[in-house]
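Trainee: The structure follows.
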Amino acid sequence: MENEEANGFSLRRSGDLLGKAQVGDLASGHFQCPALIILTAMRISLSFFVLLINFQWLSAQNHDHVWLFGYDSNPTYLEWGGTVMDFNNSPPNLSYLYNEMNFVEVNASICNQGGDLQFYTNGLYVANKNHQPMLNGIGLNPGPFANDMGDIGYILDQGAFIIPHPDGTNRYLIHADRVNSTVELKAHSSKLYYTLIDMNQANGLGKVIQKNQVILSDTIGLGKLTSVRHANGRDWWLLATEYLKNSYYRILITPEGVQNLGTSSTGNPLPKEGIGQAVFTPDGSKYIRNSLVGMFQDTDYLDIYDFDRCTGLLSNQIRIPYVHGALAGGVAVSPNSRFIYMPHESVVYQFDLWADNIAASKKVVATYDGFTENGIPTPFYLAQLAPDGKIYINVSNGVHYLHVIHQPNLPFPDCNVEQHGIHLPTYNSASLPNFPNYRLGPLDGSPCDTLGLDNHPIAKFRYDQDTSDYLSINFTDLSYYEPTTYGWQFGDGSSSNEINPVHTYASDGTYEVCLTVANGYGLNTYCRTLQIGTTATGEATPEVNLTVFPNPAMEATNIILSDYLPRHATLTLYTATGQSVLRHCISAGWNTVPLEGIAPGLYFYEVKDEERVLKSGKLVKQ
């Protein structure tokens, strides 16, 4: 059972911005997702980034709940199609994406407040939720470089992201940089554009009504463009660095539009420009940039700045040089804004932002284990914090796999980095969606907290089963909008006020677990029903939510077990004559089952938890 309020902010003054009746409409979910800005920036010589703007600053929360991967659909070879990773479910569901768009590095999608996909882009064009080109949506990023990309998708690290627009007119803006020639590629871009999308057009499928309008013209640093919520809780900041300078453009998105506030300077410039990734901490207090300059010389750089959400100014640069010379890498920050995770080709580093000496806190939390798919390596590349509180890391080559950090709020070794832990049903080449934090509200009490918005907390959590004791459950808080108190009810008469408690149940059973969070502005409750073990309380044993996907499968398939925590579950694969060819242990959540060595054909599977059959059916190995 889930009980979750839709609106995360309230109005202190009834005359401000939206009336109570409108807020009620938002809470019910009966509204249409409004305006988006897509900002694009190009790799090597072009910074391409996508920014989509949605008016629902009062309640925006699920805009990043659908992730897209892969290539255009192939009716003969499904693995060459696309993949949908849907975080509206816990754990996230996988499905095929039957589309005509190829994703390489540039990848952006946007959902409405309820988590329903609205549209997406690969930097060359925009597709609507029906997976068709949006009206007038062809021709982003004009110039020979874009033309040379054909239909494979734009190439740029961190090349697209989406944010809600504050103006409430159901429009979206797309921003892009231009490069003139593939022969004259340099590690910068020359122009930043915007493109306007009106989602009131085409019966809600949207239309591009202005395209490739210039915001600024200058030499801009390579990619690494991102955004963060202004301290007033409504507007957004965008930073664009100047090429090989210690200055950056502050771009403010308000109801009046996109405003270029000019450049500001701080810290030391990079000696060379390189690929990489930039991110704000989830609380918006710091800006972090990983620059892989080592592809041109011996040293790469991690830069950490304090960020003022009122003014958009950076300060107090901390530069951490490290010798590596990687060709792939990124950066992400834990949900509690404490730990930096820096994938860097063959390693993943962790830095502690709360340490007195951040540089000295560096830990290697993972070293590439040499895993290959069909002889293709799977090193670490870009990183993205997901709605489930985990950090996902893609691969710089075309493979089926993602890496995942399961507990990023914890120091090494408890952060639990799982290499090639997610098997996608289709190939994915270097693509990972790039999202800002939609669940950041106003900075209450700051000088620019002027709109009368308050942080009303939203409760949410996930759970993980202890593999050594199936009755011991780790609960991870995913709440947002500044909760200050936590109240857990575990469904067995026990409770806790910890943020991330560990609870051990006395016996198998069905339990309703509820988390209530509160602060000075309100409270919210979120509940989930958990089944533990082979028996359940009540008159009937509830049905288990178990998914086998993909099916047909090739190298591997996934067993996704939701809201059931087994004692000792196993998958057994049988031939038509009843011969067992595979046994694999199954835990709660996401399980990738390798099928290497299994001959192509029709098989029968059975998933059992001791003597209880959870699910059975047919599995085709191609």
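Just so it is clear, none of the values below were taken in a lab; they were calculated from the coordinates. Source: prediction; values computed, not measured. Cβ atoms come from the backbone with ideal geometry, glycine included; neighbour counts cover every protein chain shown.
Trainee: Using DSSP, restrict attention to beta bridges with both residues in the stretch 545-621 and report what percent are antiparallel, rounded to the nearest 5.
Mentor: Numbers: 32 of 33 bridges.
So the antiparallel bridges in the stretch 545-621 amount to around 95 percent.
Trainee: What lysines does Lys207 reach when the alpha-carbon gap must be under 23 Å and sequence neighbours fewer than 8 apart in one chain are set aside?
Mentor: Lys129
Trainee: While we're looking at this one, here's another question. Would you please report the Å³ per residue occupied by the convex hull of the alpha carbon atoms in the stretch 545-621?
Mentor: Working: hull volume 5.9 nm³, N = 77.
Convex hull volume per residue, Cα atoms: 77 Å³.
Trainee: Along its three principal axes, how long is the stretch 457-532 when you only count alpha carbons? Whole Å, largest extent first please.
Mentor: 38, 20, 16
Trainee: A further question follows. Can you check what the net charge comes to around Ala386, using other residues whose Cβ is under 11 Å from the Cβ of Ala386 (Lys, Arg +1; Asp, Glu -1)?
Mentor: Values: positive: Lys390, Arg462; negative: Asp64, Asp388.
Every neighbour counted, the sum reads 0.
Trainee: Among 214-221, 157-164, how do they line up by average Cβ neighbours within 10 Å per residue, starting with the highest?
Mentor: 157-164, 214-221
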